[in-house]
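Read the structure below first, then the notes.
Read the figures in this text as sums done on the coordinates, not as results from a lab. Everything numeric here is computed off the predicted structure, so don't read it as measured data. Neighbour counts run over all protein chains shown; Cβ positions are idealised from the backbone, glycine included.
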Amino acid sequence: MPAPIEVSIKPIENEGELFQALAIREIVFIEEQSVPESFERDADDTTAFHVLAMEGKHAVGTGRLVPLPEAPAGESGAWGRIGRMAVLQAARKGGVGSKLLLALEAEAQKRKLRGILLHAQLSAMEFYKRHDYQPHGAVFDEAGMPHLEMKKRL
């Protein structure tokens with residue numbers, strides 16, 4: 001197993017940091033996974049809580065938290081959606097994704113959200129299960145890849 005990568009997780013505080021997050025997402029989603037740019041970029045980018053994983057002065061990962069307008073079926077209270085989790089290839093398998101996810105969950109708890117919903121690529125499902133996310137519903141196509149909705153109560 002690769003050694004953990006020393007990263008710090010920081011909230012995005014300005015436009016320049018948001019551009020770094022968008023650049024990471026462009027590399028991972030648009031270039032590596034062929035996700036259409038029109039799908040990858042959306043209106044939530046302007047209102048979401050974003051974080052960057054920083055290895056020294058270099059951004060190597062990102063993710064975001066978006067409040068949901070209503071709780072998922074069968075749930076109550078305020079919920080959020082974590083998404084656009086992306087880590088540059090050289091920093092994968094070093095624990096960066098877990099640190100990003102934990103930082104976004106901490107923000108959700110700070111906002112007193114009752115739970116988190118996410119759309120996991122099937123290839124990442126085991127990662128989310130290790131963080132106590134439970135699969136919900138059937139596999140569906142999103143951006144040309146199979147996904148599964150997963151939930152976690154906080």
Full extension between His136 and Ala78 adds, at 0.36 nm per residue less the Cα distance, a length in nm of 19.1 nm
Given unit charges at Cβ for Lys, Arg (+) and Asp, Glu (-), the dipole magnitude of the chain about its Cα centre in debye, nearest 20, is 720 debye
Low-density loop trypsin sites (Lys or Arg not before Pro), region 1-62, at most 13 other Cβ within 10 Å, DSSP non-H/G/I/E/B, are Lys57
Taking Cα atoms, the helix 96-110 axis meets the longest principal axis of the chain at an angle in degrees (rounded to 10) of 50 degrees
The simple spin-label model distance between Gln89 and Ser34, using points 7 Å out along Cα→Cβ, in nm, is 1.6 nm
Residue span Asn14 to Glu26: 0.36 nm per residue of separation minus Cα-Cα distance leaves a gain in nm of 2.5 nm
In terms of the charge dipole of region 8-113, which places +1 on Lys and Arg and -1 on Asp and Glu at the beta carbon, the residue among Ala103, Trp79, Phe29 farthest towards the positive end is Ala103
In terms of the alpha carbon gyration tensor, root eigenvalues a ≥ b ≥ c, rounded if a/c is under 1.5 and otherwise prolate when a/b exceeds b/c or oblate, the chain is rounded
Note, Val96: beta-carbon cut-off 11 Å, +1 each Lys/Arg, -1 each Asp/Glu, net +1
When the charge dipole of the chain is computed with +1 at the Cβ of Lys and Arg and -1 at the Cβ of Asp and Glu, the Cα pointing farthest to the positive end, of His119, Val7, Ser38, is that of Val7
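So which GluC sites (Glu not before Pro) in region 49-114 end up in coil per DSSP with only 12 or fewer other C-beta atoms within 10 Å? Mind showing how you got there, number by number?
Working: sites: Glu55, Glu70, Glu75, Glu105, Glu107; in loops: Glu70, Glu75.
Here the GluC sites (Glu not before Pro) that fit, given the DSSP loop and packing criteria, are Glu70.
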